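Only one structure is covered here, and it is reproduced in the block below.
Since every read-out is calculated from the coordinates, none of them should be taken as a lab result. All values reported here derive from a predicted model rather than from experimental measurement. Positions of Cβ are generated from backbone atoms using ideal geometry, with glycine treated the same way; all protein chains shown enter the neighbour counts.
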RNA sequence: GGUGAGGUGGGUGAGUGGCUGAAACCACCAGUUUGCUAAACUGACGUACUGGAAACAGUACCGCGGGUUCGAAUCCCGCCCUCACCGCCA
């Protein structure tokens, strides 16, 4: 949620930046400015009326105390008019605030100045690439064939147990998965992140805090019986740990990491390129989250990018980093880097990580503040997060790129975790 | 699931209709004292909104929402949550 004072002070600048994200409903900005003015004058009226009412009440109390009953009774009549006014102003204010919040929640975050105004994924800027693309020719098998051949994963079994898009990992496939989880968590811990195990079900307030509600409501599984949402990413519980907090500057940076399964309905996204593990309803992910001082958040973003790169390099996977253009960036982020690894058999890049700075967009919703040591006032923090890493697709790439006639090679860094060097039949 | 108790500031906890935005104590912060540390002493010490250049002033908030009353942390109603015991259970 954008900060109201930016909209109030620089509505044209806000519109200009929103245009970079190809946000069409710029009239919302004008409506917000209008509502804000109404809100303030109504607030003033309410406060003034309340002030009169409070003053009268005190006088009445004093009169009773000194035994002047008749005078007190006479004064009570005056309060009736005030009471009606107060009720009216109060109702008006509530209505205005409700609409204001409703409008505010519709605006996406303003993009960072480095974000290009492109529209589609093709317009994303490749920041850098690493590693040589594997050349395997046409006999390279896609990971879904490899999974069958080596009995690593079954989507059919998932259908039997749950439904389409719920993979069941088997034997060496399951062990590979567990190895990666441990490897990624160790990497995060070595980089200074506190490891956290958080709930997989969250309430609506939490989902709102990280902007998953109302913006992406249809993307989350909802447990109606108890009004819980299944988390689409650990970002949701991990960031909300700090909701409604006022931090000290010495608390920065807060670095937490957690492994969780992630649940996504992925409504409406079916087709040829979502085969196998490319897009599933449940996958495992290690998420890193940082809460940082506004002056340092972009340094932190770079640090997180370097962290993800380090993992991909240890896994010996060719990757590239994209700076998302305005049209492809997510609703809440100011700047996002996507990481893609190249899958040899599918001959395409697969997104395996997304690292973002949300600036104050989430913290404003969460009322996550810190006390500025100079001004002593509270300010909103910046929040950042990134996948380090998302599992299902990493496994897809790894299987495809490391296939040999004798089996599938496990990268050296992972071998201590898997306990085997090669996946064999 | 059943029964009972309770939700007050960072923490403990007082407060049953006006003098309470809220005692006291603890913690935190600043300072004094002190070879250092500790202790002791002094002071400051909630959040948000509105008006104001600021100083400052007004308003709201004692789980949330409504109600009674001139006036509610305090009385009434609904909801949420927590704790204890019993039952069930990994």
Where the convex hull is taken over the Cα atoms of segment A:93-178, what is its projected area averaged over directions, in nm²?
12.6
By count of other Cβ within 10 Å, fewest leading, how are A:375, A:418, A:79, A:210 ordered?
A:375, A:79, A:418, A:210
In degrees between 0 and 90, to the nearest 10, how far off the longest principal axis of chain A does helix A:391-401 point, with axes built from Cα atoms?
20
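Among A:356, A:297, A:250, A:114, rank each residue by its count of other Cβ atoms within 10 Å, from fewest to most, as a rough exposure measure.
Ranked by crowding around the Cβ, least crowded first: A:250, A:114, A:297, A:356.
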Residue separation times 0.36 nm, minus the C-alpha to C-alpha distance between residue A:64 and residue A:200: what's the value?
43.1 nm
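Once you have the Cα-Cα distance between residue A:190 and residue A:50, take 0.36 nm times their residue separation minus that, and quote the gain in nm to one decimal.
44.7 nm
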Pair residue A:25, residue A:41: separation of 7 Å Cα→Cβ label points (nm):
2.5
Measure nothing fancy, just the Cα-based angle from helix A:27-65's long axis to the longest principal axis of chain A, in degrees from 0 to 90, nearest 10.
40
Gap in Å between the Cα centre of segment A:389-424 and the Cα centre of segment A:170-205?
18
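Express in nm, to one decimal, how much length is gained between residue A:415 and residue A:120 on full extension, taking 0.36 nm for each residue of separation and deducting their alpha carbon distance.
102.3 nm
Take every Cα-Cα pair in chain A and report what % of them are more than 31 Å apart.
49
With r defined as the distance between the Cβ atoms of residue A:141 and residue A:314 and R0 fixed at 41 Å, what FRET efficiency is calculated, to the nearest 0.05? Walk me through the intermediate numbers first.
Numbers: r = 25 Å, r/R0 = 0.60.
Efficiency, from the Cβ-Cβ distance: 0.95.
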Between segment A:47-101 and segment A:301-320, the Cα center-to-center distance that results, in Å
63
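Shape verdict for segment A:179-326, please, from the Cα gyration tensor: rounded (a/c under 1.5), prolate (a/b greater than b/c) or oblate.
Since a/c reaches 1.5 but b/c is at least a/b, the shape of segment A:179-326 is classed as oblate.
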Value of Rg to Rh for segment A:4-104 (Rh from inverse mean 1/r over Cα pairs, i.e. Kirkwood):
1.29
Put in order of increasing Cβ neighbours within 10 Å, starting from the fewest, A:161, A:410, A:286 give A:161, A:410, A:286
Label-point separation, residue A:251 to residue A:425 (7 Å along Cα→Cβ), nm:
5.8
Between the Cα axis of helix A:69-104 and the main Cα principal axis of chain A, the angle (0 to 90°, nearest 10) is 20
Cβ-Cβ FRET estimate between residue A:98 and residue A:74, R0 fixed at 51 Å, reported to 0.05:
0.85
With r defined as the distance between the Cβ atoms of residue A:374 and residue A:347 and R0 fixed at 60 Å, what FRET efficiency is calculated, to the nearest 0.05?
0.65
